[in-house]
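Working notes, structure below.
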Amino acid sequence: MTKISDDGLDIMALLQLTMDRADVEEFLAVYKGVVHEYPAMVDELSCGPCIAMEICGTDAQAALRQLAGPPDPVRISGHVRLYLSVCSVAGLRTCR
């Protein structure tokens, strides 16, 4: 979280939650059939607690993607994973 703040972004809200498999499948539905790692992503997000954050700042989405590093699961194996969802009027259901 310090790195997020150091990069000029503000954490406006933080919530620890556990999602069941059905919620994770709904959250990641856009990746089903598109990303080979979809089943592993669902397994990983549904196996324990997650932290959801509302982050604001100039070009926050691009800054978070840069901070998250490569999307390749082999290259980041064993590290904290970051799944991004942009909250907007259209994305509120995803971010609830």
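The values are calculated or read from the model by the stated rules, or taken from the named source; none is laboratory data. Because the structure is a prediction, the values reported are computed rather than measured. Ideal geometry is used to build each Cβ from the backbone, glycine not excepted, and the neighbour counts take in all protein chains shown.
Among residues of the stretch 42-64 that are more than 24 Å from residue 23 (Cβ to Cβ) and among the polar types (S, T, N, Q), those with a beta-carbon under 9 Å from a residue that is modelled with pLDDT of 85 or more and surrounded by 17 or more Cβ atoms within 10 Å (Cβ to Cβ) at least six positions away or on a different chain give the pairs 58/9.
Within the stretch 1-33, can you find the residues that are in contact with a Leu (Cβ under 8 Å, 6 or more places away or on another chain), surrounded by 10 or more Cβ atoms within 10 Å (Cβ to Cβ) and farther than 15 Å from residue 50 by Cα? Answer for the stretch 1-33, where residues must be in contact with a Leu (Cβ under 8 Å, 6 or more places away or on another chain), surrounded by 10 or more Cβ atoms within 10 Å (Cβ to Cβ) and farther than 15 Å from residue 50 by Cα: 4, 7, 9.
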